[in-house]
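**Q** Attaching a single structure in structure tokens format; questions to follow.
The values are calculated or read from the model by the stated rules, or taken from the named source; none is laboratory data. This one's a predicted model, so the numbers in the text were calculated from it and none came from an experiment. Ideal geometry is used to build each Cβ from the backbone, glycine not excepted, and the neighbour counts take in all protein chains shown.
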Amino acid sequence: MKLRLTRLIWLGLCILTAVLISAMPISAVNRSILSPILSSIDSSLASSKALFQIALLRPKQEPLPTTVRDPAAYGSGISRTLRMLSSSTPVSANTVRILFYGQSITGQDWWLELVQRLRAQFPDAHLVVENRAIGGFASPLLVRTAEQDLYPFYPDLVIFHVYGDEQNYEAIIANLRRRTTAEIVLASDHVTWLPSFSAADDPEQLRVYEWFNQHTAWLETIAQQYGCELVDIRTAWEQHLKAQRLSPQDLLRDQVHLNAEGNHLMATLMASHLLHPAAAQNSQIDQRVSDYPGSELNWQQGHLSLEFTGNRVALVATPLPADLIHSSTILIDGQPPSQFPELYALTRASSAPGVGWPSLLQIRSASPLLLEDWQLTIRQVSAKMDQFQFDLSGSQTGFDGSGDSQHPFISNSQRILIQPQDWWLEQSYLFTQQPVPLGFQIRWRVEPLFTDLYRSPAIPTRTGASIDLLAQNLSNGQHRLEIISKSGEAIPIETIRVYHPLP
């Protein structure tokens, strides 16, 4: 841009000089002096002709097109997240958990720019951000990997985009609503091809183009049904292309994925919902998350009892000096949270050779889990890389059985279940041509969604208020939380936060 402006200024000076020279009497002396100047002007005029043509043809930069039909709708589906971001202060920083989920488009660099903008706009908020997108995994696959990736993370905000069939797409959104209180941003698909609406259009490309348009309309229905924030990337993208006289390929590095300019546009369109001035005005109280302020809690000789309705409960506290740290026993319905089998979560299986795909799409359990690391070791591999035999062991359970990829596997302890359709080593090999070696290990672990013994946060390790999980993945109903201080005194609590997914 600076170079173009410099050339335009130089061209203007050349024209002005030519006008002044034309008014001068041309003697032989003058002609010999001015000849090099006139030659230079002629050269500059010739070389800048194309620049003037481009400048005249290029449209002026217009504001980005809106991603909603009603500007007042910005942020209406993510009001709790916006309130937590905007209300954070240096002395009261809200923790906001954000999860990006989808496939390769979700994993591109636009999400990093979006997070950077959020941190700049809300410097006092404590953002916990993860991107668990899996390239190439459309909705029929993500509906299975979501069991380990999505629901245990229990984000405040999910930013979601995926290709694939609509039935599995909706199943993921329905599960998020049923099992978490996460607010959800749905993004429609960007434009990879534009029709001319002439006989020259490829019929198959036109069919795909129309399907994505219909899918965008379907997303509007889903967003309304499940109370999500829809970012209509597709409509805004097409408007931007036409306004700037760009082809879809100008924003792509291949037939689908975004180049640098495309990533920037995607980040900007997504940011409009999280940073738009109108968005904060839509910040309303969300009945799915309730706070019980510490000043209103009724302690009796170091014992607190609170009845609540939900499937998750957490404690927000201010860090204390090391000599004032308190320890407390946590009980849910009269039991330590560790006694609830549903409060243990299996993590995603480690990646297949040469690609970031999980070796197993999903792992289940049929008996109570222990907090431990698991290791599956490949013992035999078929020549086509489509059949595998293995041994399984856990760091606490020990050896837990042998099996193969062709049949359902139930470990000796029944702590691990693997279905044949969840093996992804063959598909990984077909994609990478990198064989699975004998002795290849697939790893995962069991993580706690609970706290039996709570310790107040310490000042050296925390800044601002911290939020500590007490219990998650309880049955979504009535429960009783008890906090029993070992000192016999009330512990300092800012608030107890209860999460209640609504149908």
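**Q** Of the residues THR451, THR397, which is farther than 21 Å from PHE153 by Cα, in contact with a Leu (Cβ under 8 Å, 6 or more places away or on another chain) and of a type outside the set (Asp, Glu)?
**A** THR397
**Q** Any chance you could count how many residues in region 285-315 are among the aliphatic types (A, V, I, L, M), within 25 Å of ARG178 (Cβ to Cβ) and surrounded by 15 or more Cβ atoms within 10 Å (Cβ to Cβ)?
**A** Total meeting the criteria: 5.
**Q** Then there's this: Can you tell me which of GLN396, GLN434 is on the phi < 0 side of the Ramachandran plot and over 31 Å from the mean Cα position of the chain (by Cα)?
**A** Going through GLN396, GLN434 in turn, the sole match is GLN396.
**Q** Residues in region 337-347: is at least one part of a loop (DSSP other than H, G, I, E, B) and at pLDDT 95 or above?
**A** Yes: one or more hits.
**Q** Any chance region 179-197 includes a residue that's buried (at least 17 other Cβ atoms within 10 Å of the Cβ), part of a helix (DSSP H, G or I) and not assigned by TED's automatic domain parsing to the domain that holds GLN427?
**A** Yes, some residue in region 179-197 is buried (at least 17 other Cβ atoms within 10 Å of the Cβ), part of a helix (DSSP H, G or I) and not assigned by TED's automatic domain parsing to the domain that holds GLN427.
**Q** Considering LEU361, LEU438, which residue is in contact (Cβ under 8 Å) with a residue 60 or more places away in the chain and within 22 Å of ALA133 (Cα to Cα)?
**A** When all the criteria are applied, what remains is LEU361.
**Q** Then there is this: Give the residues of region 316-332 that are within 12 Å of SER487 (Cβ to Cβ) and surrounded by 17 or more Cβ atoms within 10 Å (Cβ to Cβ), sorted by residue number.
**A** Those that are within 12 Å of SER487 (Cβ to Cβ) and surrounded by 17 or more Cβ atoms within 10 Å (Cβ to Cβ): HIS326, SER328.
**Q** Taking the condition closer than 30 Å to PRO319 by Cβ, in contact with a Gly (Cβ under 8 Å, 6 or more places away or on another chain) and β-branched (Val, Ile, Thr), does VAL128 pass?
**A** No; evaluated as a whole, the condition is false for this residue.
**Q** Also, I was wondering about something else. Show the residue pairs that are 6+ apart or on different chains and have beta-carbon atoms under 8 Å apart, the first residue being within region 291-304 and within 18 Å of SER487 (Cβ to Cβ) and part of a helix (DSSP H, G or I), the second being hydrophobic (A, V, I, L, M, F, W, C) and at pLDDT below 95.
**A** GLY294/ILE493
**Q** Which condition number does TRP424 fail, the rest of (1) over 24 Å from ARG132 (Cβ atoms); (2) within 34 Å of the chain's Cα centre (by Cα) being met?
**A** So TRP424 meets the others, but not (1).
**Q** Hey, could you check region 285-327 for residues that are modelled with pLDDT under 95 and within 23 Å of the chain's Cα centre (by Cα) and say which is nearest to LEU449 (Cα to Cα)?
**A** The residue in question is ARG288.
**Q** Within region 260-267, is even one residue closer than 21 Å to LEU112 by Cα, exposed (fewer than 14 other Cβ atoms within 10 Å of the Cβ) and either in contact with a strand residue (DSSP E or B) (Cβ under 7 Å, 6 or more places away or on another chain) or not small (Gly, Ala, Ser) (or both)?
**A** Yes, there is a match, as at least one residue in region 260-267 is closer than 21 Å to LEU112 by Cα, exposed (fewer than 14 other Cβ atoms within 10 Å of the Cβ) and either in contact with a strand residue (DSSP E or B) (Cβ under 7 Å, 6 or more places away or on another chain) or not small (Gly, Ala, Ser) (or both).
**Q** Sticking with this one: Looking at region 319-336 only, could you name the residues that are part of a helix (DSSP H, G or I) and either touching a residue at least 60 places away in the same chain (Cβ under 8 Å) or closer than 28 Å to ILE410 by Cβ (or both)? Step through it out loud before you land on a result.
**A** Initially, region 319-336 is screened for residues part of a helix (DSSP H, G or I), giving 322-324.
Within region 319-336, ALA322, LEU324 qualify.
**Q** Considering only region 241-263, state which residues are in a helix (DSSP H, G or I) and either of a type in the set (D, E, K, R) or modelled with pLDDT of 95 or more (or both).
**A** If the condition is that a residue be in a helix (DSSP H, G or I) and either of a type in the set (D, E, K, R) or modelled with pLDDT of 95 or more (or both), then LEU241, LYS242, PRO248, GLN249, ASP250, LEU251, ALA260, GLU261, GLY262, ASN263 are the ones that fit.
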